[in-house]
Amino acid sequence: MKEKKKTEIKKKLKSIFSPKKLVLWLSILILVFTVPTFNKSAMSQTQAIVTMLCVDKVEDQIKVAATVLTPSQDKKANFQVYSGQGDTLGYAVDSVSLAIGKEMGFAQCKIMALGENICTEGVMQVLDYMTRTKKVGRNAVLVSFTGDIVDFTQAVANLNLEKTLRLDRIVSFDKQYILTQDSNIETFYIGYYSPISLGLMSKVKLGTSEEFNAIEVAGADAGSSGASNSDMNSTGSGGENKKYIMNDGTVSLFKQGKHYLDMTLDEVKKANIFVNDAQKGTVVVESVTDHIYNDAKVVVNILKKDISIKPTFKANTPIYKTDVSLTVYIDEVIEENPSERLLRRNQDFLTNALIEKIKEKMETDMREIIKYCQDNKVDLLGIYKHFYALENKKFEKYLDNMGENYLDGIEYQIEIKVKSEN
Amino acid sequence: MKVDAVKTLNEIKRKLHDSGDVKSRTVQFFGTQISLCYIAPITDNELLNNTLIYPLINFSDEIKGKDIVDILYDKVLANQEVTIFTDLQSAVDKMLAGNTLILVDCAEKILGCDIEKITVRAVAEPPTSVVIKGPREGFTESLKYNLALIRKRVKSDDFVVKMLELGKMTKTQIAVVYYDSIADKEVVKDVLKRLNSIKIDGVIDSHYLVSYLQRNKNSLFKQVGDTEKPDILVGKMLEGRIGIIVDGSPIVLTLPFILLEDLQNSDDYYTQPIRVTFVRALRLVGVILAVLLPGVYIALELYHYKILPTEFLITIMNSTQGIPFSPFIEILFVILLFEILYEANIRMPQYFGMAMSIVGALILGETAVNAGLVSPPAVMIVALSGITFYIIPGQASQFSILRLLGVVIGATLGIYGILLFCVFILSYLSNFDSYKSAYLAPTAPYIEEDQKDSYMRKTIDEMKKRPRSISNNKENNNRR
Amino acid sequence: MKINYRQLSIITFMSFIALKFLALPSLLYLESKNMSMFVSLALMIIDGLYVFVILDLMKKSGEKNIYEFMKNCLGTMLTKIILILLILKYALVVGNISKGLEFFVVENLYSEYSWFVFVLPLMILIGFMVYKGVRNIARVSEMVCWAIVIGLIYIALKALSGIDLLSFLPFFKDGVQPLFNSAYIHLSWFGSATFLFMLFGFVDFRSEKKSKMIKYVIFAILIVQLLYFVFYGLFEITSPTHNYCISDISQFSSTYSAINELSWLVVSMWIVAQAVQLALYSYCLAQALKFLFDIKGNILPIIIVILYLFMWSFIGENTVRMERIFFSSFASIVTLIAQYILPIILEIVYAIKNKTKRNKYKIERVKDERKEKNRDKKEIEVNI
């Protein structure tokens, strides 16, 4: 009897666990899960999709403004701006969420803009919260800005309307010219965690057209329709005093995650000479006089730049040797009585005198930026990294002596070669 | 058996339940009564008069002492295909197949003369496989004609035709054709065994045999190849396949079948190899689009907005805004609409179909979009996937089921589910071996020699060996 | 249902790259810093060598499966102990892959999810593939392998320009000690050749070309190293925060776009690869269970494996934390024995056994010859 029962149970088990039936059961289970999706609406409608997030500190409170994608037949209304405040960043974001009535989705957030106040206070906690908790992609472009946060966001949202003009593109426009080429959260992190703890960020300014002397970048018809006035959280930039954003090439330097100083475009360009990625540039030399030029002002365009950096040690003195070889062509020549030889187009006008002048100019520029670095104690040129990687032991010993002022004891050797494009 | 011209005739008529189309004629032949019995619709009247009755009446040779049946067989009907029957049943069976029975009074045997009237439509280009370049002949419903079409192309003593008769009620003629030296002997044996073991009332079309020939019953996937063109059949036989021709069906079955066959087209061998490689890649992309596109779309909409580029997301958001249905219902609705249109379109008379497709596809789709019932992307995506079905027409029916499954899975689980679905299908098909051939060969298992004619095609002169992907006689592997 | 040598090579290739592109590179960086590439390189080369050791054993075993082979060499008791060890190893790998897959899928593709729902289709798939056997897994690998390779190379090349070579310098700053530490702690992520044990008797060596396996192994090592090179070069010091190597590389390779473009296709292909790998190791686990408990049918071990897989959906939240607690200590020992010591023991025992057998055979033959001679003598005597 018992055996019979056993075989019966076995048979039953077999019939239940036969592969075909198992698949059937599991398929039914999945179908059960399918039913709820019948009235599941598209995720882009249940989540507020943020394309840009601005954070600043206003009167001891964190203020957040976000550009949220909103479906609409009117393309101008696609980017709506919402803002909120709170004691912490989390509260501020939640207040925006509350106002919209949707959860915020940051996966499409391509720009993080940080206001002046938060920059001076330190940005690391903001970045950490946004990337870790809110899952902002670490390739989001980082920008610092001046001016009112809501106005700024609104101005950027208006930029988005014209698809060819977008803040992230403006900021990383032509990376050959601007040092902060890949100024995203990831590179900022890498900079922050490196021994010199240096981060770079583009600085974008906000102002009225009068302030900028009508150097408009974009945002022609801002205001009127783009602004959303949801509850009390958001304020549209009024139609009357239009605000514009402008990128004048200023770069904010961050040390230990805090705003340290601003570099002007001129300084950035000088620093760029040391950066291999920044290939292009111009050199302006004045009063060139020889058999071709007659007290001329010559603008030379750099076509190609090769930089080799060799950190070495000579009896405990670190030597930072930079070889720059330039391929140039002459862009503009400004002189009062142009010599007739200039008419001969095929001739190479890169005369020795001009070359000497270029070298001289370049070297002074480079020396100036080194001086700038030494004065401000910022290692813009990656000197630490080069020495650490290539002359590790000696450099560590040297660091023990010098500490923070290590830039001062280094001997800088600069050698420049100039070639014509032909 | 003793034949009595009148009695036997009556017996035959009784056997056939006095069917109205059984006719008989009686003539006198040197004093002996001879009855001719035939089934009128399948007997050629002219032939009957010219080759049977006329010689019988006009015969004037000496017949002294000779058996009349012998005289008829040797002399009168010497130029006819005549069979001698000794029992009535087999004679009647033959009569049903178009023979005219000659009943000689007092004789021991019955003579049967084949003067069957073959009604056949003209050999035309089959609508299912139209080619731009290449032969335009297609099979017809007559087994005899079809064999003639093949024999016309094949003049080798190696070519074998094995005739079978299937169907208790229909007694349908079936021909199994193959090359003796190329086809795999075991496969031939297997196929013949399977065919012989079939017990069925009637075989009306060749597809009646499919379920007896396939290994995995209840499977969605096609396991037996079919073609409507003699050139394709010969091509396939030259690779070692076996053809099964059924009388009354223009579609010839081929075995063994691998998935790659549907990716190939007879046109491929008549055009440039580079173009063919491109087209085959296109077909592969077509398969993926046809099956997965709606599923991926619904998954993107329901779960993965973060994958989409922002501009694209805005476009989709704007166009799907204000649709009253949820995305899943919406896409199901559109698919349903398209399937109905498709089904209606095939069955509709041709002159009607044209107008219908315009009304259906254009106006219905347009109005649905304009009315805000469905969104333009949904219509576009379902339409695109629907069109790509017919880039591989042989698989279209399976694709439409797979597409539906893809949509359900995409809506439930998103991209992850679709990926698992793909792996599942690949894994399912990997185990689909039948007749000693792997279903996904030469990709899985990878067969290097056969890559010459898989996703790319080399020139004909480079294809020196027969494909190893399908079972054939491995020792006789050289094509020349 | 045997697989051919090419298929075996491809499975090996897939197994070699299977666990490498999830959390492993970021975990390695914690111990061995910028020298992590060397750790993975060294361990992968060792794994590659062990492939050939195990293959040698496999050839020696002929048609026998691993259980019979080991029983011949080591006896039943020891065999069962080793099987338990192998089961542990496979179970660890299955758990690791399934957990990795879960986090990977959730992190990269979904915003809201319930793994409970997600694991069900995975269970069906794995159950089906394991039921259909190793040939099925081999054929699927064969089909998806190239798409994965192309995807990996694509993302690596795309990101190659963003690499800072200086970040790899200086070499061996803290000596080699951290490298050994790192290698030992993360050993369980390696040992990619252990699956070969369960294929004993399932491989058709007729079409063998040794160079094919060597090529695939080298290719696997190169491709992993290429991606690690890109990963460490790209993320430098922030490497430990990137727990999903493959998706992170593809995300940051371009300046201002998220996973748009084609990168998510690569990410998708990776999910497929993981699923296939999961099937392979589940198969190994099912086989080992079958041998250990002498189970006759195929269904019961598969059900156990599937339920085990299901169990994982309730465990753990974070790969890194889990790794710290669980994998680092206990798993390393298991891997060390299962992958690196067992084959050598088997080789030695087999060699000794064979030697004694051969000796016995010789003695017997000598005896026979003597007998024959005696018989001949007797016959001669009789004749006389």
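The table that follows gives values for the structure above.
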item	result
Selected residue [among the aromatic types (Phe, Trp, Tyr) and either away from chain C (no Cβ under 14 Å) or not in a helix (DSSP H, G or I) (or both)] from B:399, B:424	B:399
Sole residue being among the polar types (S, T, N, Q), at pLDDT below 85 and more than 17 Å from the chain's Cα centre (by Cα), chosen from A:184, A:160, A:139	A:160
Sole residue being crowded, with 19+ Cβ neighbours inside 10 Å and at pLDDT 80 or above, chosen from A:355, A:319, A:334, A:307	A:355
Some residue of the stretch A:114-124 being closer than 27 Å to residue A:187 by Cα, more than 14 Å from chain B (Cβ to nearest Cβ), of a type in the set (A, V, I, L, M) and more than 16 Å from the chain's Cα centre (by Cα)	yes
Of all residues in the stretch A:375-393 being over 19 Å from residue C:170 (Cα atoms) and in a helix (DSSP H, G or I), the one that is least open to solvent (accessible area, probe 1.4 Å)	A:376
Sole residue being open to solvent by less than 80 Å² (accessible area, probe 1.4 Å), among the small types (Gly, Ala, Ser), without any contact (Cβ under 8 Å) to a residue 40 or more places away in the chain and in contact with a strand residue (DSSP E or B) (Cβ under 9 Å, 6 or more places away or on another chain), chosen from B:211, B:156, B:197	B:156
Scope the stretch B:252-297; condition open to solvent by less than 40 Å² (accessible area, probe 1.4 Å), farther than 17 Å from residue B:221 by Cβ and under 16 Å from the mean Cα position of the chain (by Cα); matching residues	B:252, B:266
Close pairs from the stretch C:22-41: first among the charged types (D, E, K, R), partner outside any helix (DSSP H, G or I), Cβ under 6 Å, at least 6 apart	none
Residue count for the stretch A:362-374, restricted to those that are open to solvent by 40 Å² or more (accessible area, probe 1.4 Å) and hydrophobic (A, V, I, L, M, F, W, C)	0
Residue match in the stretch B:440-456 (condition: out of contact with any Pro (no Cβ under 8 Å at 6 or more places or on another chain), at negative phi and open to solvent by less than 10 Å² (accessible area, probe 1.4 Å))	yes
Failed item, numbered, when residue A:102 is tested on (1) out of contact with any Phe, Trp or Tyr (no Cβ under 7 Å at 6 or more places or on another chain); (2) open to solvent by less than 30 Å² (accessible area, probe 1.4 Å); (3) within 30 Å of residue B:319 (Cβ to Cβ); (4) more than 10 Å from every other protein chain (Cβ to nearest Cβ)	(2)
Residue list for the stretch B:321-352, restricted to those being more than 28 Å from residue B:412 (Cα to Cα) and either within 14 Å of another protein chain (Cβ to nearest Cβ) or not aromatic (Phe, Trp, Tyr) (or both)	B:344, B:345, B:346, B:347, B:348, B:349, B:350
Any hit, the stretch C:183-206, residues being without any contact (Cβ under 8 Å) to a residue 24 or more places away in the chain, away from chain A (no Cβ under 14 Å) and among the hydrophobic types (A, V, I, L, M, F, W, C)	no
Number of the exception - residue B:33 against (1) within 36 Å of the chain's Cα centre (by Cα); (2) open to solvent by less than 70 Å² (accessible area, probe 1.4 Å); (3) of a type in the set (S, T, N, Q)	(1)
Unique match (being in contact (Cβ under 8 Å) with a residue 24 or more places away in the chain and within 14 Å of chain A (Cβ to nearest Cβ)) among C:173, C:209	C:173
Given (1) in a helix (DSSP H, G or I); (2) free of Cβ contacts under 8 Å to residues at least 40 places away in the same chain, index of the condition residue C:112 fails	(1)
Subset tally (residues that are in contact with a strand residue (DSSP E or B) (Cβ under 9 Å, 6 or more places away or on another chain) and either at pLDDT below 80 or open to solvent by 90 Å² or more (accessible area, probe 1.4 Å) (or both)) for the stretch A:8-43	0
Every residue from the stretch A:257-288 that is part of a strand (DSSP E or B), open to solvent by less than 70 Å² (accessible area, probe 1.4 Å) and in contact with a Ser or Thr (Cβ under 9 Å, 6 or more places away or on another chain)	A:259, A:261, A:262, A:263, A:288
Subset of the stretch B:405-417 [among the aliphatic types (A, V, I, L, M), within 12 Å of chain C (Cβ to nearest Cβ) and either buried (at least 22 other Cβ atoms within 10 Å of the Cβ) or part of a loop (DSSP other than H, G, I, E, B) (or both)]	B:409, B:413, B:415
Residue among A:325, A:308 that alone is within 30 Å of residue A:187 (Cα to Cα), out of contact with any Gly (no Cβ under 8 Å at 6 or more places or on another chain), of a type outside the set (Asp, Glu) and within 14 Å of chain C (Cβ to nearest Cβ)	A:308
Unmet criterion (only one of (1) open to solvent by 50 Å² or more (accessible area, probe 1.4 Å); (2) within 14 Å of another protein chain (Cβ to nearest Cβ)) for residue B:355	(2)
Residue match in the stretch B:279-295 (condition: more than 9 Å from chain A (Cβ to nearest Cβ) and over 24 Å from residue B:265 (Cβ atoms))	yes
Helices (runs of 4 or more DSSP H) completely within the stretch C:1-99 that count 3 or more residues being within 14 Å of another protein chain (Cβ to nearest Cβ), open to solvent by less than 10 Å² (accessible area, probe 1.4 Å) and at pLDDT 90 or above	C:5-18
Members of the stretch C:105-136 found to be open to solvent by less than 20 Å² (accessible area, probe 1.4 Å), farther than 26 Å from residue A:135 by Cβ, at the interface with chain B (Cβ under 8 Å from one of its Cβ atoms) and hydrophobic (A, V, I, L, M, F, W, C), listed by number	C:125, C:129
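The values are calculated or read from the model by the stated rules, or taken from the named source; none is laboratory data. Small disclaimer: the values here were computed from a predicted structure and weren't measured. Virtual Cβ from ideal backbone geometry, glycine too; neighbours counted across all protein chains shown. Remember, those area values only see protein heavy atoms, side chains included, never the ligands or the DNA or RNA. Shrake-Rupley method; radii C 1.70, N 1.55, O 1.52, S 1.80 Å.
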